[in-house]
Amino acid sequence: MPSELESLRAVVSDFVRDADELDIAPNELRSMIDQLEGKFARVVRRRSERGDHLASGHCSAVSWVMSTCTMSQSAASDRLCVGKQLESLPEVAVKLSSGEIGYQSASVICHLSDKLGEKGESLDQAQWIGYAGEFSIKDLNRLSNHTRYVVDPNGFDRETEENYAERFLHISEMNGMYHLSGVMDPEGGSALKSAVDSLAKRLGGDDIRTPKQRRADALTELTYHAMEAGTLPKRHGVRPHITVTTTLEGLKGELGAAASELQPGMLVSSKTVLHLPARRGGRAAKRLGWGRAQA
C-alpha cells in the first residue's frame with residue numbers, strides 16, 4: 001500500500017504541476033476527487049476500528065481525524081459516518097467508487113441510513129442511487145428529511161428537538177464593528193429571512209450595495225423598526241435605545257472636535273450620528289442621498 005500511495009502522490013503532483021486548467025473538465029475532476037473522498041472515508045473508518053485513534057492518544061475517532069487530517073469536527077464526523085455506512089450499502093459504495101455518483105450524494109444517503117438505524121435496512125439502494133443522479137444535493141437532502149419523517153417520525157421529532165437546543169447567537173465587538181454568528185431553528189430562521197429579504201431589495205439604479213450589504217442594512221432597519229415601535233420590554237425601567245455622546249463642534253465637523261461615541265470607547269463618524277435613526281433603506285439610503293439627515 002505505501003508504494004501505491006507513493007504512485008498516486010507522484011501522479012497527482014505531475015497533474016497539479018503540468019495540467020492546463022483550461023483543458024480540464026471540472027465535472028470529471030470533481031468525480032475523481034469524490035472517488036478519493038469515498039476511499040478516504042473507508043480508510044479512516046477501518047483504521048479507527050483498528051484502534052489507531054487510541055494508539056495515538058485520542059479519546060475518539062473524530063478527534064483523531066480532526067487532528068491527523070486537519071479537518072473540522074463536522075467534516076471528520078461525516079467521513080467516519082460515510083465510511084461506516086458504505087459497508088452496509090454496497091451498491092452505493094460501488095457507484096461512488098466508480099464515479100457514477102458524487103461524494104455529497106453518497107453522504108446524504110449514508111446519513112439517512114445512519115439515522116434510520118435498523119429501519120434503514122430496507123432502504124432501496126437502487127432507488128436512492130437514481131435519486132442521486134436526478135436531484136440536486138439540496139433537493140436530495142429534502143427528500144431524505146421527508147423519508148426520515150415518514151419512516152421514523154419519533155426519531156425525526158427527537159432530532160428536531162435536539163437541533164432546536166443547538167440554537168445560539170453571538171454578538172461581539174470587533175475593530176469598531178460588530179460581528180454576528182449564530183444558528184437558528186427552522187421557524188425562527190425562516191421568519192428572519194423573510195423579514196430581511198423584504199427590506200434587502202435594491203433601491204434604484206444608484207444602489208451599488210452588494211446583496212450581503214443589503215441584508216446587513218435590512219437587519220439594522222428591522223432593529224430600528226422594533227425600537228421605534230416602543231413595544232420592546234423595558235430594561236431597568238427604560239425602553240431599548242441608542243445613546244450617542246457628541247458635541248455641536250463634532251456635528252459641524254470642526255477640526256479638532258472630539259469624536260462622537262455610541263458607547264464609551266466606540267467612536268463613530270459625525271455623519272453617522274446625523275443619520276440616526278435610519279429609516280427606509282437604512283443608513284445606506286442616507287449615504288446615497290435618498291433620505292434627509294436628522295439632527
Checklist entry - Taking the stretch 124-139 as the search range and keeping residues that are under 24 Å from the mean Cα position of the chain (by Cα) and within 19 Å of Cys81 (Cα to Cα), which one is surrounded by the fewest Cβ atoms within 10 Å (Cβ to Cβ)? => result Ile137
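What about Ser172, is it of a type in the set (Ser, Thr, Tyr) and surrounded by fewer than 10 Cβ atoms within 10 Å (Cβ to Cβ)?
On the way: of a type in the set (Ser, Thr, Tyr): yes; surrounded by fewer than 10 Cβ atoms within 10 Å (Cβ to Cβ): yes.
Yes; evaluated as a whole, the condition is true for this residue.
Which one is farthest from Asp114 (Cα to Cα), of the residues in the stretch 39-79 that are acidic (Asp, Glu) and touching a helix residue (DSSP H, G or I) at 6+ places or on another chain (Cβ under 8 Å)? It would help to see each step written out before you state the result.
Keep residues of the stretch 39-79 that are acidic (Asp, Glu), which gives 49, 52, 78.
Pick out the ones that are also touching a helix residue (DSSP H, G or I) at 6+ places or on another chain (Cβ under 8 Å) and you get 52, 78.
Numbers: Asp52: 23, Asp78: 11 Å.
Checking each candidate, the answer is Asp52.
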Next on the checklist: Looking at the stretch 51-66, can you tell me whether even one residue there is surrounded by fewer than 17 Cβ atoms within 10 Å (Cβ to Cβ) and acidic (Asp, Glu)?
Outcome noted: yes
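For the stretch 146-158, which positions are surrounded by 15 or more Cβ atoms within 10 Å (Cβ to Cβ) and either within 15 Å of Glu100 (Cα to Cα) or not small (Gly, Ala, Ser) (or both)?
Taking the stretch 146-158 and keeping what is surrounded by 15 or more Cβ atoms within 10 Å (Cβ to Cβ), we get 147-148, 151-152, 155-156.
Listed by number, the residues that qualify are Thr147, Arg148, Val151, Asp152, Phe156.
Confirm whether Ser13 is within 29 Å of the chain's Cα centre (by Cα), open to solvent by less than 70 Å² (accessible area, probe 1.4 Å) and not β-branched (Val, Ile, Thr). Full working, then the answer.
Values: within 29 Å of the chain's Cα centre (by Cα): no; open to solvent by less than 70 Å² (accessible area, probe 1.4 Å): yes; not β-branched (Val, Ile, Thr): yes.
Spelling it out, it is not the case that Ser13 is within 29 Å of the chain's Cα centre (by Cα), open to solvent by less than 70 Å² (accessible area, probe 1.4 Å) and not β-branched (Val, Ile, Thr).
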Checklist entry - Within the stretch 111-123, can one find any residue that is under 30 Å from Phe15 (Cβ atoms) and crowded, with 16+ Cβ neighbours inside 10 Å? => result no
Next on the checklist: Filter the stretch 207-230 down to the residues that are under 20 Å from the mean Cα position of the chain (by Cα) and loosely packed, with under 14 Cβ neighbours inside 10 Å and list them by number.
Outcome noted: Thr210, Pro211, Lys212
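Any residue at all in the stretch 187-198 that is closer than 30 Å to Lys115 by Cβ and in contact with a helix residue (DSSP H, G or I) (Cβ under 6 Å, 6 or more places away or on another chain)?
So far as the stretch 187-198 goes, no, none of its residues is closer than 30 Å to Lys115 by Cβ and in contact with a helix residue (DSSP H, G or I) (Cβ under 6 Å, 6 or more places away or on another chain).
Would you pick out the residues in the stretch 33-48 that are open to solvent by less than 100 Å² (accessible area, probe 1.4 Å) and either out of contact with any Cys (no Cβ under 9 Å at 6 or more places or on another chain) or outside any helix (DSSP H, G or I) (or both)?
Correct list: Ile33, Asp34, Gln35, Leu36, Glu37, Gly38, Arg42, Val43, Ser48.
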Checklist outcome for this item: Of (1) modelled with pLDDT of 95 or more; (2) within 24 Å of Asn154 (Cβ to Cβ); (3) over 25 Å from the mean Cα position of the chain (by Cα), Gln85 satisfies every one except (3)
Checklist entry - Which of the residues spanning the stretch 68-91 are assigned to a helix (DSSP H, G or I), closer than 30 Å to Gly57 by Cβ and open to solvent by 40 Å² or more (accessible area, probe 1.4 Å)? => result Thr68, Cys69, Gln73, Ser74, Ser77, Lys84
Checklist entry - Identify, please: which residue in the stretch 192-206 is surrounded by fewer than 12 Cβ atoms within 10 Å (Cβ to Cβ) and without any contact (Cβ under 8 Å) to a residue 12 or more places away in the chain and is, among those, nearest to Ile171 (Cα to Cα)? => result Ser194
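The values are calculated or read from the model by the stated rules, or taken from the named source; none is laboratory data. Since the structure is predicted, the reported quantities are computational estimates derived from the model, not experimental observations. Note that we place each Cβ from the backbone using ideal geometry, even for glycine, and neighbour counts take in every protein chain shown. Ligands, DNA and RNA are excluded from the accessible area calculation, which covers all protein heavy atoms including side chains. Shrake-Rupley method; radii C 1.70, N 1.55, O 1.52, S 1.80 Å.
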